[in-house]
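Below is one structure, written out as structure tokens; the observations come after it.
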Amino acid sequence: MPVIFLSMGFAQIVPQRDTSYLRQASITETTEAVHITANSPRPLLQALDALRHKYGWAVNYEDPAYTSNVDIVESHDDPSHSLLPAGGIFHVEFPVRSPLEEQTLHLIVDAYNQSPNPGRFEVRRTSEGRFDVVGTSARNRANEISPRQPLLDTPVTLPARQRTIADTINLLCHVLAVQNHASVSVGILPKALVTFTQVKIGGGGKVPARELLIQSLQAPGRNLYWSLFFDPASKGYVLNIHTAKS
């Protein structure tokens, strides 16, 4: 059985925790186990980034909506005093022998869900055999864990039309914003790929926005993945698209 080590630090009640954040998770290996230590506002995402660097696993990530003061911290390193998820230290280990992506992701997410860090997540396998780590719960205003509707699960309809990937993603974010009464904007994009590549996405009935995003990002034939962040200050979302190195 794999051994899991969980952080016992309650980062969500420490208002200046970001002064000790790591730029990236540390990942070390012994003859028996791989050990990851993350420390950031989103330590689960930082751990996933460590897996991407080590194994090339480009996993999509989606924040839940954070509404409890326990899950939010003010950034004192930022002159604007922006609000961040109140993440902190997260430790996890898994066996070093030929780690399987799905099994390892489940182990790490299960370990995270037992930690005091904000949000509860699940691993989903897509129809293309890729994986999403999706935030499905967070604390409510009574500080109880309660379900959250993942933004990208929203059923949407896009008119079937030839567009660039960038235009398709912007339209998708606009539709999500209208239907959810929240700001949904595009952040980082690999502009050279998405600005000139044409796709024809949409038509038919409503489908989850996640499926349309997956279809759009398959068009360039590159290993693209996304991270969807919830902004506690605006109560909106920012979608970032990244290119994974082969």
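The values are calculated or read from the model by the stated rules, or taken from the named source; none is laboratory data. This structure is a prediction, so every number in the text was calculated from the model and none was measured. As a convention, Cβ positions derive from the backbone with ideal geometry for all residues, glycine included, and neighbour counts pool all protein chains shown.
Of the residues making up segment 151-169, those that are over 19 Å from Phe229 (Cβ atoms) and among the hydroxyl-bearing types (Ser, Thr, Tyr) are Thr157, Thr164, Thr168.
Listed here are the residues, each with its yes/no results for (1) over 24 Å from Lys235 (Cβ atoms); (2) without any contact (Cβ under 8 Å) to a residue 12 or more places away in the chain; (3) in the same structural domain as Lys235 (by TED's automatic domain parsing); (4) among the hydroxyl-bearing types (Ser, Thr, Tyr).
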{"position": "Ala25", "(1), (2), (3), (4)": "yes, no, no, no"}
{"position": "Glu32", "(1), (2), (3), (4)": "yes, no, no, no"}
{"position": "Ser40", "(1), (2), (3), (4)": "no, no, no, yes"}
{"position": "Pro43", "(1), (2), (3), (4)": "no, no, no, no"}
{"position": "Glu74", "(1), (2), (3), (4)": "no, no, no, no"}
{"position": "Gly88", "(1), (2), (3), (4)": "no, no, no, no"}
{"position": "Val92", "(1), (2), (3), (4)": "yes, no, no, no"}
{"position": "Val109", "(1), (2), (3), (4)": "yes, no, no, no"}
{"position": "Glu122", "(1), (2), (3), (4)": "no, no, no, no"}
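Of the residues making up segment 219-231, at least one is surrounded by 18 or more Cβ atoms within 10 Å (Cβ to Cβ), touching a helix residue (DSSP H, G or I) at 6+ places or on another chain (Cβ under 9 Å) and over 30 Å from Ser68 (Cα atoms).
For segment 35-71, the set of residues classified as closer than 13 Å to Ala138 by Cβ and surrounded by 19 or more Cβ atoms within 10 Å (Cβ to Cβ) consists of Arg42, Leu44, Glu62, Asp63, Pro64, Ala65, Tyr66, Ser68, Asp71, listed by residue number.
The listed residues are Gln149, Gln162, and the only one of them that is among the polar types (S, T, N, Q), farther than 15 Å from Pro208 by Cβ and loosely packed, with under 13 Cβ neighbours inside 10 Å turns out to be Gln162.
The strands (runs of 3 or more DSSP E) located wholly in segment 17-67 that include 1 or more residues which are within 17 Å of the chain's Cα centre (by Cα), modelled with pLDDT of 90 or more and closer than 21 Å to Gln114 by Cα occupy 33-39, 60-62.
With the condition kept exactly as written, say whether any residue in segment 190-211 is touching a residue at least 40 places away in the same chain (Cβ under 8 Å) and in contact with a Phe, Trp or Tyr (Cβ under 8 Å, 6 or more places away or on another chain). There is no residue in segment 190-211 that is touching a residue at least 40 places away in the same chain (Cβ under 8 Å) and in contact with a Phe, Trp or Tyr (Cβ under 8 Å, 6 or more places away or on another chain).
For every residue, the table says whether it meets (1) more than 19 Å from Arg42 (Cα to Cα); (2) within 15 Å of the chain's Cα centre (by Cα).
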site	(1), (2)
Thr104	no, no
Asn113	no, yes
Asn117	no, yes
Arg120	no, yes
Arg130	yes, yes
Arg141	yes, no
Glu144	yes, no
Pro147	no, no
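Which residues, counting only those in segment 164-195, are part of a helix (DSSP H, G or I) and either outside the structural domain of His242 (by TED's automatic domain parsing) or polar (S, T, N, Q) (or both)? Thr168, Asn170, Gln179, Asn180, listed by residue number.
Filtering segment 126-138 to residues that are surrounded by 12 or more Cβ atoms within 10 Å (Cβ to Cβ) and modelled with pLDDT under 95 leaves Thr126, Arg130.
Residues in segment 200-225 that are charged (D, E, K, R) and not in a helix (DSSP H, G or I): Lys200, Lys206, Arg222.
Scanning segment 99-156 for residues that are of a type in the set (Gly, Ala, Ser) and outside any strand (DSSP E or B) turns up Ala111, Ser115, Gly119, Ser127, Gly129, Ala142.
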